[in-house]
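Below is one structure, written out as structure tokens; the observations come after it.
Bear in mind that the values in this text are calculations on the coordinates, not laboratory data. Quantities reported herein were computed from a predicted structural model and do not represent experimental measurements. Every residue, glycine as well, gets a Cβ built from its backbone with ideal geometry; the counts of neighbours run over all protein chains shown.
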Amino acid sequence: MNMNIQTQSDRLGRILLANAVFCGTSGLIFTLAARPLSAFLGTSPPVMSVLGVDLLLYGAWAGYTVTRPVLSRGFTLFVILADSAWVLFSILLLILPIFHFDADAKWAIGITAIVVDIFATLQFLEWRRM
């Protein structure tokens, strides 16, 4: 399977762009509200700030890449795998006994994971058509 095949799928581009905007917006919120979010999730503000900056940079990179004239299968697969890793990590946060989140934090983590999983699924379905 050649990962360098390029396409101009409008639907895939819109899905990837929405994902990049969601990621970048989440990163901005995590960065600007690091202190209250860290209290809500029971972690430290620097952890939230680092996560926020990483999400912001990833969202900016993905958004830039998706606005190029063509999308590669390799880039799309990378985004799908990154989203899947986020969902897996979220599940581990929720089920491993070393993490102690209250019910509200668990809901927030779970809902975010569902949104990311929806992006991954939609992207995968479009990726198969490339």
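To one decimal place, what Kirkwood hydrodynamic radius in Å is obtained for the chain from all pairs of distinct Cα atoms?
One over the average 1/r among Cα pairs gives 15.5 Å for the chain.
Explain nothing, just the number: dipole magnitude of the chain about its Cα centre with +1 on each Lys and Arg Cβ and -1 on each Asp and Glu Cβ, in debye rounded to the nearest 20.
For the chain, the charge dipole is close to 360 debye.
Tell me which of Leu92, Val47, Leu125 sits at the most positive position along the dipole axis of the chain, charges placed on C-beta atoms (Lys, Arg +1; Asp, Glu -1).
About the Cα centre, the residue reaching furthest to the positive side is Leu125.
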